[in-house]
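Data block below; observations after.
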């Protein structure tokens, strides 16, 4: 038996074992590893590594495995029983075509590989009628010039079909650049590092958004008129909710039930360098009879966003309660211009540090420099240059902190540098096995 055939058989066996939850689905097809082509191509193999019958592509009767390949759906609508996209494979749905997966997608709990689904201008419907966990799928929806659409639980455009529960997204990434995302189910559960990024597009949840393990991250970019509607409860305790502000504000998250933000981290910032005072804006809205829980919530500014933000509840405004984000004092701006991010140096060395500053209110009184959490220097006069001397081998994260005469402090984005070489840090002591260590605070340090 050839090595190629042996590898193919092993891959099929792995897939069949992992697919035991779908054992009553008799037909299985997999895309030939490494092949690139349209879904209608003959790069499909059946369960016994035999080519599928004409016309050579799986139909709605098949469970489909795309392993280490690149497949495009551009010439026909496709419906399959179940789908596995793994091993860095890419499935593209474009040209207005539709992919519908009736049962599960990437339902293999043991798989650590990540499959990619690109939807530049097509539709993908993951109905998941058997409520199987979705593992390790990455979705990119839309481009700058085209719109794509993803529906979890039903089919895009359906007005009444709604699943009792979609199930669990486990380590899934969804990047909504242009188009829409809908969850047509009474609830959906996010866990194990699931992340959703929405660039001001339509996002609709017809049930509850649940985050039981507190690892989901939700990004909202305020660059468009898109709406985010959650019909049920918005449960975000312990997770990270990131909202970016620009001149158009940020898309309002409209919640029909309770918005539970207890112990969540709410990070807000500016998408550009604002020079004037920004107005308050509404981030989350619930009906007046519901509650926005913010106990233990942390509200902070993103990197060098420029404002100190505060969060407050505005109660019973025209029948709704709002979580209102208000920019407070201006923070002084500072950016490290030298060294460049991910620069390389040879140990032992001296490293010059330089910054640019932006005094939004008052004037800057000093700039402090940090390597990791250690303060390495401070300067009080422009141009605020500093030389960090005798730097030993290691990886360091540098930042600058600007202070103004109003007591405000602004931090620069972090810059990472690599100092390479065999020069050991003279402050470190290497102890051989069996040694006895005694610390005497009276000794010279």
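Roughly what would the spin-label model give for residue 315 and residue 215, points 7 Å off Cα along C-beta, in nm?
3.8
What ranking do 206, 130 get, fewest neighbouring Cβ atoms within 10 angstrom at the top? Present the calculation step by step, with values, prior to reporting the outcome.
Values: 206 21, 130 14.
In order of increasing Cβ crowding within 10 Å: 130, 206.
Among 228, 253, which comes first, then next, by fewest other beta-carbon atoms within 10 Å?
Numbers: 228 22, 253 25.
Going from sparsest to densest Cβ surroundings: 228, 253.
Work out the FRET efficiency for residue 40 and residue 375 from their Cβ-Cβ distance, taking R0 = 56 Å, and round it to the nearest 0.05.
Values: r = 63 Å, r/R0 = 1.13.
Efficiency at R0 = 56 Å is approximately 0.35.
Could you check what % of the DSSP bridge pairs in segment 334-420 are antiparallel, to the nearest 5? Kindly include the intermediate steps, with their values, before the conclusion.
On the way: 28 of 32 bridges.
So the antiparallel bridges amount to about 90 percent of the total.
Can you bin segment 119-193 into rounded, prolate or oblate? Criterion: square roots of the alpha carbon gyration tensor eigenvalues sorted a ≥ b ≥ c, rounded for a/c under 1.5, prolate for a/b above b/c, oblate for the rest.
On the way: a/c = 2.44, a/b = 1.27, b/c = 1.93.
The shape class here is oblate.
Test of understanding: ordering 149, 392, 57 by Cβ neighbours within 10 Å, fewest first, what list do you get? List each step's numbers first, then the result.
Numbers: 149 24, 392 16, 57 20.
Listed from fewest to most nearby Cβ atoms, that is 392, 57, 149.
Take the Cβ-Cβ distance between residue 340 and residue 145 as r, set R0 to 22 Å, and report the resulting FRET efficiency rounded to the nearest 0.05.
Working: r = 32 Å, r/R0 = 1.47.
Taking R0 as 22 Å, the efficiency between residue 340 and residue 145 is 0.10.
None of the figures in this text is laboratory data; all of them are computed from the coordinates on show. On a predicted model such as this, the values are computed, not experimentally measured, just so you know. Virtual Cβ from ideal backbone geometry, glycine too; neighbours counted across all protein chains shown.
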